[in-house]
Ligand SMILES: Cc1cc2nc3c(=O)[nH]c(=O)nc-3n(C[C@H](O)[C@H](O)[C@H](O)COP(=O)(O)OP(=O)(O)OC[C@H]3O[C@@H](n4cnc5c(N)ncnc54)[C@H](O)[C@@H]3O)c2cc1C
């Protein structure tokens, strides 16, 4: 049986970063993955993910984001791939909405560079948008997007260059701890041993970590690319990343949407989605068809903020959220096995943290602790325990 210092189960967003970080610290790493790097079956496809620092989910995430930004730049450098684009970000809506008020709170608490804009100023700067007259916005220059497929491929390439063995198209069917304090991992093609295990299964967590009984809601989400109507007053350039920020809008009446500037030319479509509003499913049974009624629902909501988003749908794709009851992540040592680290439940907002989660998982694996603040993510916290 081949023996490694550490096995990473699931080389997707977080597992790829963990393999990279662990190999970088000199460990003999084996990564096992069902699909190939950059695949479209989990949580890490669709071309773009928002990255921002004025974090309405909680100001406690900001130190992790600062570290993540440094590590994103390092990953670009090491891989030679273009991954992060800082085109600015705007978080707007009802003045007391979490999206506006929470973003402003995080920005103020951490002294982040930001501006508060009223509706007229939003319309003047970003003529694609027509928010309600009483809407307010936080605008943040140091925000934008990262490319998920490029990220996963970059982490896999760099990890392999640092000596990691990565086996794709090789799903893990079973893992167990051994009497000697290590782990034994069985795949469709072999059996491997290691001193440590990192489990990063994304939306497959309920089947890979059933013993934890995590109350995860695996949800079918959709992103849509619509064609805008280009006019003299609002031409293609106004929709493109040269001038348009990433955005999140929330109103009490109409919920929360998010999206991106056009990144693939005038024919590529303007991408957006509902932030929440997923349908419960499983990674094995998700319905990948996007129905006309869903497209109409999205269109109806989208034109409330973007009245010129009236052209044809270019494409729509499904993706999987893994949502915890408090929407904070699950990261830490397995409650029953000290040699196993787990990271899952990224609740639809984890991608921007990818490289720092890799670093945290390497810290936990090697030192059993990390200096990075992960108190919010404790796998044994009350909301994750069965009632
Ligand atoms: C529609 C949508 C929009 C999003 N937008 C944003 C955003 O704008 N900003 C942001 O920060 N985040 C966003 N997210 C969230 C972010 O993409 C996820 O939090 C992140 O990708 C989760 O990473 P993961 O490693 O947990 O899962 P994944 O990237 O899916 O990786 C899990 C991997 O484990 C593998 N695996 C599972 N079981 C096994 C097994 N038995 N054997 C071998 N391999 C296995 C899978 O094949 C997969 O490759 C969005 C998510 C979705 C779905």
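Quick one: length gained pulling residue 295 to residue 85 fully straight, 0.36 nm per residue minus the C-alpha distance?
Length gained between residue 295 and residue 85: 72.8 nm.
Could you tell me what % of all Cα pairs in segment 218-291 have separations over 21 Å?
40 percent
Using mean Cβ contacts within 10 Å as the protection proxy, how do 224-234, 100-110, 341-351 order, highest first?
For the peptides 224-234, 100-110, 341-351, the packing ranking is 341-351, 100-110, 224-234.
Project the alpha carbons of segment 1-156 onto their principal axes and report the range along each, largest first, in whole Å.
For segment 1-156, the Cα extents along the three principal axes come out at 66, 30, 26 Å.
Would you mind computing, in nm to one decimal, how far apart the modelled labels at residue 133 and residue 310 are, each placed 7 Å from Cα along Cα→Cβ?
It works out to 2.3 nm between the two label points.
Which value, in nm² and rounded to one decimal, describes the direction-averaged projected area of the C-alpha convex hull of segment 242-387?
So the Cα hull casts an average projection of 12.2 nm².
What is the calculated FRET efficiency for residue 383 to residue 109, with r their C-beta to C-beta distance and R₀ = 22 Å, to the nearest 0.05?
The calculated FRET efficiency here is 0.40.
Counting only helical runs of four or more DSSP H residues, what would the 222 nm mean residue ellipticity of the chain come to if each run contributes -39,500 (n - 2.57) and the total is spread over all its residues?
-7000 deg cm²/dmol
Within segment 310-327, name every residue whose backbone N is under 20 Å away from a label modeled 7 Å from Cα of residue 230 along the Cβ vector.
The answer is 310-315.
Kirkwood hydrodynamic radius, computed over distinct alpha-carbon pairs, for segment 1-85: how many Å, to one decimal?
It is 14.9 Å.
Of 30, 313, how do they rank once you tally other Cβ atoms within 10 Å and put the fewest first?
Listed from fewest to most nearby Cβ atoms, that is 313, 30.
Quick check on segment 77-225: take the gyration tensor over C-alpha atoms, sort the square-rooted eigenvalues as a ≥ b ≥ c, and tell me if it's rounded (a/c under 1.5), prolate or oblate.
Taking the square roots of the gyration eigenvalues as a ≥ b ≥ c, segment 77-225 is prolate.
What is the spread of the Cα atoms of the chain along each of their three principal axes, largest first, in whole Å?
Each principal axis gives a Cα extent; for the chain these are 68, 47, 42 Å.
Starting with the highest mean, order 112-121, 291-300 by the number of other Cβ atoms within 10 Å, averaged over the residues of each peptide.
By packing density, highest mean first, the sequence is 112-121, 291-300.
Share of antiparallel DSSP beta bridges in segment 1-143, in percent to the nearest 5?
Taking every DSSP beta bridge with both residues in segment 1-143, the antiparallel ones total about 70 percent.
What ranking of 222, 360 emerges when the number of other C-beta atoms within 10 Å of each C-beta is taken as an exposure proxy, fewest first?
Exposure proxy ranking, most exposed first: 222, 360.
Rank-order 241-253, 364-376 by packing density, defined as the average count of other C-beta atoms within 10 Å over each peptide's residues, highest first.
241-253, 364-376
Please work out the FRET efficiency for the pair residue 367 and residue 78, using the Cβ-Cβ distance as r and a Förster radius of 22 Å; give the result to the nearest 0.05.
After rounding to 0.05, the efficiency reads 0.45.
Quick one: of the DSSP bridges fully inside the chain, what percent are antiparallel, nearest 5?
70 percent
Fully extended, how many nm does the chain gain between residue 116 and residue 285 (0.36 nm per residue separation, minus their Cα-Cα distance)?
56.5 nm
Semi-axes of the equivalent ellipsoid for segment 145-262, please: Cα gyration tensor eigenvalues, times 5, square-rooted, ordered largest first, whole Å.
Ellipsoid half-lengths, sorted descending, are 43, 21, 11 Å.
All of the numbers you see were taken from the coordinates with simple rules; none came from a lab. Model, not experiment: these values are computed from the prediction. All Cβ positions, glycine included, derive from the backbone under ideal geometry; neighbour counts span all protein chains shown.
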